[in-house]
1. What residue, of 32, 52, is under 18 Å from residue 98 (Cβ atoms) and assigned to a helix (DSSP H, G or I)?
2. Keeping to the range 242-261, report how many residues are out of contact with any strand residue (DSSP E or B) (no Cβ under 9 Å at 6 or more places or on another chain), part of a helix (DSSP H, G or I) and surrounded by 20 or more Cβ atoms within 10 Å (Cβ to Cβ).
3. May I ask you to verify whether residue 197 is more than 18 Å from residue 78 (Cα to Cα) and not in a helix (DSSP H, G or I)?
4. Could you please let me know if residue 189 is more than 26 Å from residue 254 (Cα to Cα), modelled with pLDDT of 95 or more, out of contact with any helix residue (DSSP H, G or I) (no Cβ under 8 Å at 6 or more places or on another chain) and part of a helix (DSSP H, G or I)?
5. Only one residue in 230, 240, 222 is under 14 Å from the mean Cα position of the chain (by Cα), on the phi < 0 side of the Ramachandran plot and in the same structural domain as residue 134 (by TED's automatic domain parsing), so which one is that?
């Protein structure tokens with residue numbers, strides 16, 4: 001079973017994601033790594049005598065068997081970085097994990113993903129901002145990501161649950177436990193419309209060193225990171241810094257200069273590490289999302305004109321987001337010359353717009 005070897009590859013002592021990717025590149029598969037002899041391993045750059053011995057004498061396959069039993073029992077999905085359903089945004093990050101454990105029911109390659117982070121010591125000001133932000137996001141078909149920690153994180157998850165917004169909690173430990181334990185009930189509700197995600201295997205404790213690793217997933221999996229409240233030091237600022245290194249958009253709500261848990265946000269804005277948002281609607285503007293809510297747009301489209309069957313096919317193809325004309329040709333199975341005429345007709349009727357690069361999106 002190839003999954004057994006993929007899991008085992010991540011369980012070899014001292015073999016991190018960089019070394020693992022190197023092994024895969026030279027051996028061709030996870031299974032081939034465990035079939036390689038010492039001479040073959042030593043020929044791989046970066047694999048010295050010590051690492052070769054660790055690979056050859058590792059109990060990783062036995063540990064992987066235990067992991068397989070657990071994931072089967074608890075309906076957990078394993079996502080390897082070569083899989084089509086592995087988060088594409090995260091995969092493009094230079095230090096992305098090669099394997100993720102996922103218990104949930106939403107697409108991790110959702111069209112719109114934002115991460116909401118902040119202090120564990122959330123004030124009423126911060127909680128109210130999260131509430132307002134989630135209320136704005138309701139109609140924009142957004143997947144929200146956070147870290148299921150105290151404060152801003154869990155507030156974001158609770159607001160998403162209350163407003164039926166899909167949301168993912170990224171954990172700094174294995175899926176066989178919950179930290180903090182008080183958030184177990186929230187996590188169970190999240191799995192019904194969202195889920196839990198981690199790179200850490202069975203038995204991993206919520207050690208302090210795990211959380212910066214967790215934060216890079218929160219930053220890398222999203223289109224944008226929103227910092228609601230943060231002190232000068234803490235995980236939220238680390239996440240924002242990582243997001244900047246990934247060329248992700250970072251936004252922060254400002255606060256009064258003497259508020260302890262606004263100092264981090266004010267610092268991010270002051271040093272141009274984050275764009276200022278005074279109101280949640282500012283986020284919609286910055287991200288280029290339409291002012292008209294998707295539900296209203298669909299109803300408006302139907303009222304504007306009685307579309308032909310072929311025009312409806314094009315509109316349906318664009319409902320999940322903008323597409324290039326080549327992708328539209330494949331999706332609609334129309335000849336490009338005919339498609340171009342139909343696109344022009346729909347554009348003249350105000351149903352869609354043409355963007356640079358022959359990309360089309362619904363108005």
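1. Criteria check complete, one pass: 32.
2. Adding up the residues that qualify gives 1.
3. No, not satisfied.
4. Values: more than 26 Å from residue 254 (Cα to Cα): yes; modelled with pLDDT of 95 or more: yes; out of contact with any helix residue (DSSP H, G or I) (no Cβ under 8 Å at 6 or more places or on another chain): no; part of a helix (DSSP H, G or I): yes.
No.
5. On inspection, the qualifying residue turns out to be 222.
For (1) at pLDDT 90 or above; (2) part of a helix (DSSP H, G or I), each residue gets a yes or a no:
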| site | (1), (2) |
| --- | --- |
| 229 | yes, no |
| 240 | yes, yes |
| 281 | no, yes |
| 300 | no, yes |
| 303 | no, yes |
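The values are calculated or read from the model by the stated rules, or taken from the named source; none is laboratory data. Given the structure is predicted, the values throughout are model-derived calculations rather than measurements. Note that we place each Cβ from the backbone using ideal geometry, even for glycine, and neighbour counts take in every protein chain shown.
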